[in-house]
Amino acid sequence: MTQSQDLELAARRGDGDVPYYPPPGIGAGGEELDDDGRKKRTGTVWTASAHIITAVIGSGVLSLAWSTAQLGWVVGPVTLMIFSFITYYTSSLLADCYRSGNQLTGKRNYTYMDAVAAYLDRWQVWSCGIFQYVNLVGTAVGYTITASISAAAVHKANCFHRKGHDVDCSTYDTMYMVVFGIVQIFFSQLPNFSDLSWLSIVAAIMSFSYSSIAVGLSLARTISGRTGKTTLTGAEVGVDVDSAQKIWLALQALGNIAFAYSYSMILIEIQDTVKSPPAENKTMKKATLIGVSTTTAFYMLSGCLGYAAFGNAAPGNILTGFGFYEPYWLIDFANVCIVVHLVGAYQVFSQPIFAAVETAAAARWPNSKFVTREHPVIAGRFNVNALRLTWRTVFVVVSTVLAIVMPFFNDILGFLGAIGFWPLTVYYPVEMYIRQRQIRKFTTRWVALQVLSALCFLVSLASAVASIEGVTESLKHYVPFKTKS
């Protein structure tokens, strides 16, 4: 056997770090194929970073001034840094689970659940599916709420500019939710993640734009001296809140920060768009570092400057709570950027749900034309599938109706962050890493990982309870289709 054959065999067995890359195939239509027979992936560290930034810098950034106000100058920034470190660390563990075995030639896991199934037990696969898809559906609902609030804020900003700041400019959010839903029906017909790269890049630009505007306005207000009262411990008991409210709101703030960093549930799906060589896990770790470090910088600026500007009275949504009235045209532009960004972010988080249902349907009814047949439209440049058209439309309609029924920004964000952070960002990546590296029980590394998981579980549980309490309180004063914001 020659030396080159020895190296190839070693790579196939996963021995050492031998760089063996299977030759690409050629499809029936002449297109290049990857080692799994699928269309050759073209994603890079930059497109993956764009997907991550689109997913991470979402509506969560708008609540960080409020979250910092609940926690104060000490705990607020420290919490942001801790969550960013945990997210980066566990995301790096998860990136190594895209392929089973050798990182160059091992079997690909196309979804988060595929990765869990490759390493963990059957009950963990089912529980993962429940956590992941409930969180993804909830995120779609949350983004619909946020987009409608931002769209309504454009109307309010213009109203305040024309009629004065003391005028009642409240409006119904329902109409804006319906319009956002109609837009999503059209965009949801894009077949998969690979077709979303351009939308993610546009959305990432939008997220940078409105985050920068929020930071800039907060900085300007701080420099002008028109600031609110700030403290080391945040909202003061007996002045801003009572003792019970202090606890509930601080726990909700933790949930909001957790939601602000949530994207692990789609990390594997993003990684599946990345080309190789180099190995996908290496590209994904670089993209994760770029994405998380970039968003953390924005989060620190947004949270700290927003708190400095408004103090303990910081609004729940810094761009729609009308701490800022002027320049109204800049407020309008920022809120339009939010809406455009959430159009893309909604799709990034919904695509795994779409893919799961459609893959299961194709496996169950492989000969059904309703399920598998593609109909070319627009001179053959775009395909429409009957199942895709029907089921994705139903999904968008249901998520829109849920948003109309429960449009509570901070409470919903806190709840979503709480129920998704521990299982999807911490527990499953840690357990898969332990199984993959065969870390023995009660060793130093095993104990450290279990302590990390346990602490995150307690934080998630407390935040979930606090957010449920907040939703319960909000429901006492809300009537669907009648209450204005």
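The values are calculated or read from the model by the stated rules, or taken from the named source; none is laboratory data. It should be emphasised that the depicted structure is a prediction, and the values quoted were computed from it without experimental measurement. Note that we place each Cβ from the backbone using ideal geometry, even for glycine, and neighbour counts take in every protein chain shown. Ligands, DNA and RNA are excluded from the accessible area calculation, which covers all protein heavy atoms including side chains. Shrake-Rupley method; radii C 1.70, N 1.55, O 1.52, S 1.80 Å.
Overview of results
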{"quantity": "When each of 107/275; 107/369; 39/275; 39/107; 40/282 is checked by Cα-Cα distance, pairs over 20 Å", "calculated": "107/369"}
{"quantity": "Cleavage-rule hits, trypsin sites (Lys or Arg not before Pro), region 338-393, DSSP coil, Cβ neighbours within 10 Å at most 15", "calculated": "373, 381"}
{"quantity": "Distant-in-sequence amide H partners of residue 233 (H built 1.01 Å from N, under 5 Å)", "calculated": "73"}
{"quantity": "Pair residue 175, residue 436: separation of 7 Å Cα→Cβ label points (nm)", "calculated": "5.0"}
{"quantity": "Under-5 Å amide H pairs with residue 384, H placed in peptide plane, nonlocal only", "calculated": "375, 377"}
{"quantity": "Heavy-atom accessible surface of region 169-323: percent carbon and sulfur, 1.4 Å", "calculated": "70"}
{"quantity": "Added length on full extension, which subtracts the Cα-Cα distance from 0.36 nm per residue, residue 313 to residue 100", "calculated": "71.7 nm"}
{"quantity": "Extension gain, residue 446 back to residue 158 (0.36 nm per residue minus Cα-Cα distance, nm)", "calculated": "98.0 nm"}
{"quantity": "Rounded to the nearest 20 debye, dipole of region 200-313 from Cβ charges on Lys, Arg, Asp, Glu", "calculated": "340"}
{"quantity": "Chymotrypsin sites (Phe, Trp or Tyr not before Pro) lying in DSSP loop within region 413-468, provided at most 13 other Cβ fall within 10 Å", "calculated": "442"}
{"quantity": "Segment residue 46-residue 465, length gained on full extension (0.36 nm per residue, minus Cα span)", "calculated": "147.1 nm"}
{"quantity": "Pairwise label distance in nanometres, residue 383 with residue 363, each label 7 Å out on the Cα-Cβ vector", "calculated": "2.0"}
{"quantity": "Other-chain or far-sequence residues with amide H under 5 Å of residue 33's (modelled H)", "calculated": "25, 26, 27, 40"}
